[in-house]
Amino acid sequence: MLDNKKMEFWFIVGSQNLYGQDALDEVKQDSQIIADGLNKSGKLPYTIVFKSLATSADEITSLMKEVNYNDKVAGVITWMHTFSPAKMWIAGTKLLQKPLLHLATQFSEHIPWKTIDMDYMNLHQSAHGDREYGFINTRLKKHNKVIFGYWKTDEIKKEIADWMNVAVGFIISSEIKVARFGDNMRNVAVTEGDKIEAQIQFGWTVDYFAIGDLTTEISKVSEKEVDDTYEGFKKIYIMDAGENDPKYYEEHVKEQIRIEIGLKTFLDAGNYTAFTTNFEDLYGMKQLPGLAVQRLNAQGYGFAGEGDWKTAAMSRLFKVMTNNEKTGFMEDYMYEFSNGNERILGAHMLEVDPTFASDKPSIVVKPLGIGDKEDPARLIFNGSVGAGVAVSMLDLGTHYRLIINEITAVKPTEDMPNLPVAKMVWKPEPNFSDGVKAWIYSGGGHHTVVTLMLTVDQVYDWSRMVGLETVIIDHDTKLRDIMKDTTR
């Protein structure tokens, strides 16, 4: 299901006609060398196309119009090789509706100190051009990205690659469709939100469906489909029947397979890329979807429980940005207060995303104790470790707010043999106490999207693209600043 489009980024280089045609020919040649060099490095996820040497307002405006209407183009990368008077960028930049990266670099790494003359300096004055161009983007309140450094270095290529993934996420965001099976969990506040404003600001479409719409589709699943899928499970999972009767175990696993196939059929028919369920709304279903949800997560569908469509949409968004690696729905459950080894245990009733798995998942059938249905099958595994972020979105009534917490996922120090769900353990920045308090002061919900593949800067770049108020909780965070900024 996760099939990222083959998109490209246009490289538009700024100059002016005062330098003469010979100079412009050299600028154009240098620009092509940079584009080719970045593409051939093999470090970029998408292709850069050197599109034009821009020397007039009409040309820039025409280019930006074409960018807006070309579905293959995910964004624009600009470079001021020479001095490019910024007035000619105003009209085109105002029209641009896609992400903009200002690559502040220089063609040559070093200044030729002993041979430099005015002709050379006029032709290679990127430092001069950067400031003129930067001013107009600031004046226009353009939420563009600035990357500064020599273009041949691996660090700069990594920054460009990170931004590209976010920019493609921005483009795909307008295509995200969330199917809500049932409504939000009763009496829960944070999962609510203004769906119209979300569609205006983020591009997300959120549609409600009665649970009967889903059960009708599930009833159409053939026994052959179920049996074939079950046989395939034996090759990729540990089939752990435990103390269950083997027949009982197989029946309950197969019920999740029916749900999975019915869900996927329903979602694909309506081009839905994310969905929610609610354990309070299961009329006509034998089990709360567990294994079924996890299997769809592994294919790239976004998800969140209890009708939390905001988190489901973000899950899909981040899966696009990360190519569905180590990213998904998560929930804070418990605190470990051991002095010097404080941690958060994250899990959910059933639906922990298997892209987090650090070991081969087992399929188990255990009681759930909620939802008042049959014992559901689910995947159990330990989560991966590494640096990442936990992200939550909340509707404050007047506007949306995004909270980004820098975290480090760690290996559990002890086994949890009696906890029949997949789980992760992490430590929040800037420290355990201030990280948790900052999250609570900011209004962060118990539902999050966790990813070990994106950085704080990448998620913040997306928030700037969509004009979203953002609270960052990282290693530099001071709790007093959070308290002051979030209670105005």
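The values are calculated or read from the model by the stated rules, or taken from the named source; none is laboratory data. In this text, all values refer to a predicted model and were calculated from it rather than measured experimentally. A quick note on method: Cβ atoms are made from the backbone with ideal geometry, for glycine too, and the neighbour counts reach across all protein chains shown.
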Exercise. Within the stretch 89-103, how many residues turn out to be aliphatic (A, V, I, L, M) and surrounded by 20 or more Cβ atoms within 10 Å (Cβ to Cβ)?
Worked result: 4
Exercise. Got at least one residue in the stretch 471-488 being closer than 21 Å to residue 311 by Cβ and surrounded by fewer than 16 Cβ atoms within 10 Å (Cβ to Cβ)?
Worked result: no
For this session: Working carefully through the options 357, 312, find the one that is in the same structural domain as residue 279 (by TED's automatic domain parsing), more than 22 Å from residue 237 (Cβ to Cβ), touching a Ser or Thr at 6+ places or on another chain (Cβ under 9 Å) and not polar (S, T, N, Q).
Result: 312
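Quick test for you: out of 459, 436, 421, 466, pick the one residue that is closer than 22 Å to residue 161 by Cα, among the aliphatic types (A, V, I, L, M) and surrounded by 17 or more Cβ atoms within 10 Å (Cβ to Cβ).
Only one candidate passes the filter, namely 459.
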Seminar exercise, completed: Residues in the stretch 64-88 that are among the hydrophobic types (A, V, I, L, M, F, W, C), over 15 Å from residue 135 (Cβ atoms) and surrounded by fewer than 21 Cβ atoms within 10 Å (Cβ to Cβ) total 1
Problem set entry | Those residues of the stretch 4-52 which are within 27 Å of the chain's Cα centre (by Cα) and without any contact (Cβ under 8 Å) to a residue 24 or more places away in the chain, in sequence order | 39, 40, 42
Exercise. In the stretch 262-285, which residue that is of a type in the set (Ser, Thr, Tyr) and within 22 Å of the chain's Cα centre (by Cα) is surrounded by the fewest Cβ atoms within 10 Å (Cβ to Cβ)?
Worked result: 272
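Among 147, 160, which is the only one that is in a helix (DSSP H, G or I), at pLDDT 95 or above, assigned by TED's automatic domain parsing to the domain that holds residue 50 and β-branched (Val, Ile, Thr)?
Residue meeting the stated conditions: 160.
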For this session: Mind listing whichever residues of the stretch 286-302 are in contact with a Ser or Thr (Cβ under 8 Å, 6 or more places away or on another chain), outside any helix (DSSP H, G or I) and surrounded by 24 or more Cβ atoms within 10 Å (Cβ to Cβ)?
Result: 288, 289, 301, 302
Exercise. Quick one: in the stretch 175-193, which of the residues that are modelled with pLDDT of 95 or more and among the charged types (D, E, K, R) is surrounded by the most Cβ atoms within 10 Å (Cβ to Cβ)?
Worked result: 180
For this session: State yes or no: is residue 329 modelled with pLDDT of 95 or more, within 17 Å of residue 402 (Cβ to Cβ), touching a helix residue (DSSP H, G or I) at 6+ places or on another chain (Cβ under 6 Å) and not in a helix (DSSP H, G or I)?
Result: yes
For this session: Filter the stretch 193-231 down to residues that are under 21 Å from residue 443 (Cβ atoms), more than 19 Å from the chain's Cα centre (by Cα) and not in a helix (DSSP H, G or I), then give me how many there are.
Result: 2
Exercise. Hey, residue 398 hits all of (1) surrounded by 15 or more Cβ atoms within 10 Å (Cβ to Cβ); (2) more than 30 Å from residue 362 (Cα to Cα) but one; which does it fall short on?
Worked result: (1)
Problem set entry | Output for the stretch 1-46, where each listed residue is under 22 Å from residue 57 (Cβ atoms) and of a type in the set (D, E, K, R) | 25, 28
Exercise. Could you say whether any residue in the stretch 101-114 is of a type in the set (A, V, I, L, M, F, W, C) and part of a helix (DSSP H, G or I)?
Worked result: no
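Conditions tested, residue by residue: (1) exposed (fewer than 14 other Cβ atoms within 10 Å of the Cβ); (2) assigned by TED's automatic domain parsing to the domain that holds residue 76; (3) not hydrophobic (A, V, I, L, M, F, W, C).
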position: 116; (1), (2), (3): yes, yes, no
position: 119; (1), (2), (3): yes, yes, yes
position: 122; (1), (2), (3): no, yes, yes
position: 126; (1), (2), (3): no, yes, yes
position: 136; (1), (2), (3): no, yes, no
position: 143; (1), (2), (3): no, yes, yes
position: 155; (1), (2), (3): yes, yes, yes
For this session: Please work out if residue 462 is more than 18 Å from the chain's Cα centre (by Cα) and either touching a residue at least 60 places away in the same chain (Cβ under 8 Å) or closer than 30 Å to residue 351 by Cα (or both).
Result: no
For this session: Out of the residues in the stretch 1-58 that are surrounded by 14 or more Cβ atoms within 10 Å (Cβ to Cβ) and hydroxyl-bearing (Ser, Thr, Tyr), state the one that is nearest to residue 153 (Cα to Cα).
Result: 41
